[in-house]
Amino acid sequence: MVGVLAFAAGSKEATGTVVLNKDKPLVFFNRQPSDPVSGAIDMASINWNDKTFYVGFDAAGGGAVQGKLITDYLATADASIDRNGDGTIGYVLCIGDVGHNDSKARTEGIRKALGTWTGSTDPGKVQVGSVVIGGKTYKVVELEGKAMTGTDGSTWNANAATDAMGGWATKFGTQIDLVVSNNDGMAMGSLQASNYPVGVPIFGYDANADAIEAIGAGRLTGTVSQNVDAQATGTLQVLRNLLDGLTGQDVYVKGITQPDAYGNKISAPMEYLAGTKALLAANSGVDKTNWQEYTSGSRDAGIKQSSAPVKKVLLTIYNAGDNFLSSSYLPALRYYAPLLGIDLTVVQGDGQNESSVLDKFTNLNNYDAYAINMVKTNSGRDYTDKLRY
């Protein structure tokens, strides 16, 4: 009976060896398993087995890049940016998800750059900051920061940002000199407000195709590229390495900082953090000076068709409506997976209920590996519990 149960919970390699689900490669991506309040990494999930890793981007570094993008812009601005001439630069902040590490990092980066940081990423917990524009020091005030949660409970919601921006424009009028968002989706949503103040600079994050186009058209001031191609390929490459039986540093080096057995190597820089088993892509600022470098259609020339044996991977995405994942990350995954010999099955949730993803995280013994993007960052155990059997 034990042998029968073991077979049912696993899949066979080419050698006929049964691999239990609990022993298969597992990569968390985009949403790092963590506590939504403290931000502490959920090491129990990360250490599920010796083939478990996280692939994402340098969240803290990205927040700093966005902050510098904003202060660099202000450094070249003139007095007209202070729309009502009161000596204060007032800004509003679209927060994605107060319980998400990436959102926290971006809010922190923005507030540190503008001097409004008090040690908290919570809405309203700010101080008066300052910036120098044209040799003159201006006060900086966060007029309001708000988590953009939709009526259905989904976070990072662009429609919520449209509504919020409309309310802010009415409430604060010419006090608004700057708009900042934790992602491009909410920034573009803000621009959809019928009363968006014309000419007010606005910054997003993600370098989505529509955001890059908006920068070229002069509608969006800047964004941050988290190097989606490197992230998507990194997720697949780590899985490929594990499926090929690589161990030790070869798992996060081959095909990433060194060519793999098939001659592939990610072109963009990535860094591995051993303490959290995290492989992270670098970030870069995008504005009117370099937006053409980030137009859609370009893929990493360092990744070509390999002769790797095809393996099946089940991949989850927390929200089918997420702008970054649906318009940037998923197309990249679908492009690179066949090149790396990965037969990808994608299931998507609704962005609010973990069950919308978990209920599709099934038939696990049909797959050779798994890639997980959770609805809530503290839901790692819900997925690993299903892999026990």
- Task: For the chain, with a Gaussian network of springs between Cα atoms less than 10 Å apart, report the residue from Gly173, Gly234, Gly275 with the top mean-square fluctuation.
- Result: Gly275
- The Rg/Rh figure for the stretch 68-162, Cα atoms and Kirkwood Rh, to two decimals is 1.01
- Considering the values [x] 24.1, 78; [y] 22.0, 79; [z] 22.6, 74, which represents Rg and Dmax of the Cα atoms in Å as calculated for the structure under consideration? [y]
- Can you run phi through the Karplus equation (6.51, -1.76, 1.60; θ = phi - 60°) for the stretch 187-193 and list ³J(HN,Hα) in whole Hz, with x for Gly and Pro? 5, 5, x, 4, 5, 7, 4
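Rounded to a whole number, what % of the accessible area of the stretch 20-82 do carbon and sulfur atoms account for, probe 1.4 Å?
That fraction is 57 percent.
With +1 on each Lys and Arg Cβ and -1 on each Asp and Glu Cβ, and nothing else charged, work out how big the dipole of the stretch 224-302 is about its Cα centre, in Debye to the nearest 20. Before the final figure, lay out the partial values.
Values: 6 positive and 8 negative charges, 14 e Å.
For this selection, approximately 60 debye.
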- Note on the structure: In degrees, nearest 10, the alpha-carbon axis of helix 158-172 is tilted away from the dominant principal axis of the alpha carbons of the chain by 20 degrees
- Name the most mobile residue of Ala232, Ala187, Ala261, meaning the one with the largest mean-square fluctuation, in a Gaussian network model of the chain with Cα contacts below 10 Å. Ala261
- Any residue on another chain or 5+ positions along whose placed amide H is under 5 Å from the amide H of Ala147 is listed here as Ile95
- Item | In order through the stretch 221-237: 3J(HN,Hα) via Karplus (6.51 cos²θ - 1.76 cosθ + 1.60), integer Hz, x for Gly, Pro | 7, x, 8, 10, 8, 9, 6, 4, 5, 5, 5, 4, 5, x, 4, 6, 5
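I need the shape label for the stretch 246-389. Rule: rounded when a/c is under 1.5, else prolate if a/b > b/c, else oblate, with a, b, c from the alpha carbon gyration tensor. Walk me through the numbers before you get to the answer.
On the way: a/c = 1.63, a/b = 1.23, b/c = 1.32.
Here the stretch 246-389 falls in the oblate category.
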- Task: Would you work out which of Val141, Ser120, Val131 lies farthest towards the positive end of the dipole of the stretch 105-148? Charges go on Cβ: Lys and Arg +1, Asp and Glu -1.
- Result: Val131
- Query: Relative to the longest principal Cα axis of the chain, at what angle does helix 330-339 sit, 0 to 90 degrees, rounded to 10?
  - Reply: 30 degrees
- If amide H atoms are modeled at 1.01 Å from N in the peptide plane, then the residues at a separation of 5 or more from Lys254, or on another chain, having amide H under 5 Å from its own are none
- Shape call for the stretch 259-327, from the Cα gyration tensor axes a ≥ b ≥ c (a/c under 1.5 means rounded, otherwise prolate when a/b beats b/c, else oblate), comes out rounded
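How much of the DSSP bridge set in the chain is antiparallel, in percent, rounded to the nearest 5?
Values: 17 of 55 bridges.
Here the antiparallel bridges make up roughly 30 percent for the chain.
The values are calculated or read from the model by the stated rules, or taken from the named source; none is laboratory data. Computed from a prediction, not measured in an experiment: that's the story for all the values here. When we count neighbours, we look across all protein chains shown, and the Cβ atoms used for this are built from the backbone with ideal geometry, even at glycine. Surface accessibility is based on the protein's heavy atoms, side chains included, excluding ligands, DNA and RNA. Shrake-Rupley method; radii C 1.70, N 1.55, O 1.52, S 1.80 Å.
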